[in-house]
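Coordinate-derived values only; no laboratory data. Predicted, not measured: the structure shown is a model, and the values here were computed from it. Methodologically, a virtual Cβ is constructed for each residue, glycine included, from the backbone with ideal geometry; neighbour enumeration extends over all protein chains shown.
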Amino acid sequence: MANTGQPQIGHWADNAVLAGTSRNTAPVTNPATGEVTGRVALAGAEDARAVIAAAKAAFPAWRDTSLTKRVSVLFRFRELLNERRQELAEIITSEHGKVLSDALGEVTRGQEVVEFACGMPHLLKGGFTENASTGVDVNSVRQPLGVVGVISPFNFPAMVPMWFFPLAIAAGNTVVLKPSEKAPSSALWLARLWAEAGLPDGVFNVLQGDKTAVDALLEHRDVKAISFVGSTPIARYVYAQGTAHGKRVQALGGAKNHAVVLPDADLDLAADAMVNAGFGSAGERCMAVSAVVAVGGVGDELVAKIAERARSLVTGDGTRGSDMGPLVTAAHRDKVASYVDAAERDGAKLVVDGRTVRADGAADGFWLGPTLLDGVRTDMSCYQDEIFGPVLSVLRVDTYEEALQLVNDNPYGNGTAVFTNDGGAARRFRNEVEVGMVGINVPIPVPMAYYSFGGWKSSLFGDTHAHGTEGVHFFTRAKVVTTRWLDPSHGGLNLGFPQNA
Ligand code: NAD
């Protein structure tokens with residue numbers, strides 16, 4: 001890494017920082033101040049090989065470490081994480097911009113997966129059939145894969161990696177995490193915590209970088225599986241490349257989440273939910289609500305209630321108790337703002353304009369306030385694209401059927417919610433909607449760690465969702481063993497296909 005005088009954020013292998021041989025770096029900024037706070041290493045192929053080699057070397061001993069010992073490290077990791085959650089939250093806020101309370105929420109949701117993974121002895125129990133045939137027993141076990149790669153996005157630098165690595169490690173795999181280059185420090189903090197918890201060298205490793213690092217993981221024969229989370233075009237690419245190189249891949253992509261508000265809904269509660277889910281984390285959540293579908297004449301009142309709440313929010317530095325922080329980079333802020341410009345040109349009604357926000361923070365922060373667009377049509381770019389910012393678009397339809405059609409016609413299928421007091425309508429929506437995670441009067445229906453997280457359609461490539469029992473399956477492969485203890489009665493030649501008797 002070239003020395004620029006700024007703090008260097010390196011790789012991690014064998015429980016130590018690895019500077020790497022590539023001289024490429026990228027700036028890391030604090031979105032609330034615009035300051036460059038460090039430079040992250042961008043791995044070259046040689047760095048990737050070194051980190052993968054560390055993970056490969058650690059695998060045989062780790063897979064043979066007893067489950068009890070493996071899980072005792074996880075328990076210790078969980079305790080340390082819980083004690084030091086504030087430190088991690090502060091790192092998240094300093095590189096992502098989300099407000100501290102939200103960063104703490106992120107840590108909690110990641111910790112829940114660690115807690116789930118502490119139950120690995122139970123989750124890995126196999127099956128056993130005695131006397132499947134006369135004197136023949138059959139048993140099944142699930143074994144770890146080897147080195148697994150986790151590639152994560154900027155918006156949950158701690159939680160998204162924790163969707164995967166606790167399960168992978170508890171199941172006996174070794175891990176190479178490739179964090180987002182926009183928010184790389186949480187991964188190193190987590191790596192140090194693993195070392196302190198007693199995880200042996202090489203079991204958890206971090207490879208910093210960009211496409212070069214991702215491609216190295218996708219192509220390397222010693223990497224057996226890839227868990228990816230990010231935007232849809234990259235998820236599609238990662239799935240195609242990873243599977244072409246013989247790996248199992250789960251690639252979670254982008255989203256356009258609709259909240260359908262039916263005429264009988266409590267509009268105050270619905271408006272609260274739209275604002276919380278639309279503007280929390282400045283809309284940089286894959287489960288953010290970005291499209292509000294107002295059904296059967298509730299539009300005017302609902303828009304007025306959302307607007308009133310949106311105007312009351314304080315946008316500012318996430319360390320100061322603001323409601324909403326900045327966007328992650330200046331470029332992203334400008335891109336999000338350009339969708340608002342386009343929506344205006346396309347004829348949407350700009351009810352609340354976040355481009356003119358007066359933020360409680362440094363002048364050079366990447367600010368954009370809550371923005372509310374009404375009268376949005378499905379042919380507008382603000383509806384068609386994932387904006388990933390604090391922009392809520394309201395679409396109006398006359399009937400439940402039209403609302404359902406709108407949601408199901410959208411290429412994304414990550415999350416959705418319906419707001420209603422009618423149990424029959426909610427039940428119908430739950431049954432008919434083509435989306436992976438559904439909320440009934442719950443705007444951000446993120447499944448608990450013991451269920452699995454994942455969308456449908458262009459929001460997920462592969463058939464395995466994150467964490468829960470699907471996560472355990474992803475990081476293990478099944479083996480079925482048929483056993484007979486021979487005695488003289490089993491002698492003799494028989495070339496026929498084995499049949500049970
Ligand atoms: P991104 O796709 O730009 O980056 C994700 C990862 O891919 C990063 O580690 C990045 O370094 C790497 N990457 C970027 N460009 C690449 C390329 N050309 N080739 C190979 N690798 C590349 O996503 P982001 O901007 O960091 O995160 C936001 C996106 O992630 C949004 O679309 C959001 O919806 C999505 N997301 C989805 C979920 C989910 O569960 N479905 C969760 C969180 C975020």
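Among beta bridges from DSSP that stay inside the chain, the antiparallel ones total about 40%. The lysines within cross-link reach of Lys247, meaning a Cα-to-Cα straight distance under 28 Å and a gap of 8 or more places when in the same chain, are Lys56, Lys125, Lys178, Lys182, Lys211, Lys224, Lys457, Lys479.
Cross-link partners for Lys349 among the lysines, with Cα-Cα distance under 21 Å and sequence neighbours closer than 8 places in the same chain left out: Lys256, Lys305, Lys335.
Taking the DSSP beta bridges with both ends in segment 257-440, the antiparallel portion is around 10 percent. Taken about its Cα centre, segment 339-495 carries a charge dipole of about 640 debye when Lys and Arg each add +1 at the Cβ and Asp and Glu each add -1 at the Cβ.
Comparing Val340, Asn131, His473 along the charge dipole axis of the chain, the residue lying farthest to the positive side is Asn131, per the Cβ-charge model. Dipole orientation for the chain: of the candidates Val150, Phe228, Ala197, Ala197 has the Cα lying most toward the positive pole (charges on Cβ; Lys, Arg +1; Asp, Glu -1). In order along segment 341-353, phi translates into HN-Hα couplings of 4, 5, 4, 4, 4, 6, x, 6, 8, 8, 8, 10, 10 Hz, rounded to whole numbers, per the Karplus curve 6.51 cos²θ - 1.76 cosθ + 1.60 with θ = phi - 60° and x for Gly and Pro. Simple point charges give the picture: +1 on the Cβ of Lys and Arg, -1 on the Cβ of Asp and Glu, and for segment 257-440 a dipole about the Cα centre of about 360 debye. Under the rule a/c < 1.5 gives rounded, and otherwise a/b versus b/c splits prolate from oblate, where does segment 1-55 land using the Cα gyration tensor? Prolate.
Placing +1 on the Cβ of every Lys and Arg and -1 on the Cβ of every Asp and Glu, with no other charges, gives the chain a dipole of roughly 1540 debye about its Cα centre.
For segment 68-99, applying the loop criterion from DSSP together with a ceiling of 12 other beta carbons within 10 Å to the trypsin sites (Lys or Arg not before Pro) yields no site. Rounded to the nearest 10 degrees, the inclination of helix 232-244 to the longest alpha-carbon principal axis of the chain is 20 degrees. Using a cutoff of 8 angstrom between alpha carbon atoms and counting only pairs six or more residues apart, the relative contact order for segment 257-440 works out to 28 percent.
Under 5 Å from the amide H of Phe228 lie the amide H atoms of Ile151, Gln250, Ala251, Leu252, each residue being 5 or more positions distant or on a separate chain, with H modelled from the backbone and absent for Pro and chain starts.
Sorting Glu106, Glu432 by the number of Cβ atoms found within 10 Å of their own Cβ, with the fewest placed first, yields Glu432, Glu106. Taking a ≥ b ≥ c as the square roots of the eigenvalues of the Cα gyration tensor, the chain is classed as oblate, since a/c reaches at least 1.5 and a/b does not exceed b/c. Rounded, prolate or oblate: which fits segment 46-192 when a ≥ b ≥ c are the square roots of the eigenvalues of the alpha-carbon gyration tensor, with rounded for a/c under 1.5 and prolate only if a/b beats b/c? Because a/c hits 1.5 or more and a/b exceeds b/c, segment 46-192 counts as prolate. Close amide H partners of Val289, meaning residues 5 or more places away or on another chain with modelled amide H under 5 Å apart, are Gly278. Among Met287, Met437, a tally of other beta-carbon atoms within 10 Å of each Cβ gives an order, fewest to most, of Met287, Met437. The mean sequence separation of alpha-carbon pairs under 8 Å and at least six residues apart, normalised by the residue count of the chain, gives a relative contact order of 18 percent. Taking every DSSP helix (H) stretch of at least 4 residues in the chain, weighting each as -39,500 (n - 2.57) and dividing the sum by the residue count yields a mean residue ellipticity at 222 nm of -12000 deg cm²/dmol.
Find which of Ala417, Gly325, Ala304 sits farthest along the positive direction of the dipole of segment 257-440, computed with +1 on the beta-carbon of Lys and Arg, -1 on that of Asp and Glu, about the Cα centre. With unit charges placed on the Cβ atoms, the residue in question is Gly325. Counting other Cβ atoms within 10 Å as a rough exposure proxy, the listed residues Arg142, Arg427 run Arg427, Arg142 from fewest neighbours to most.
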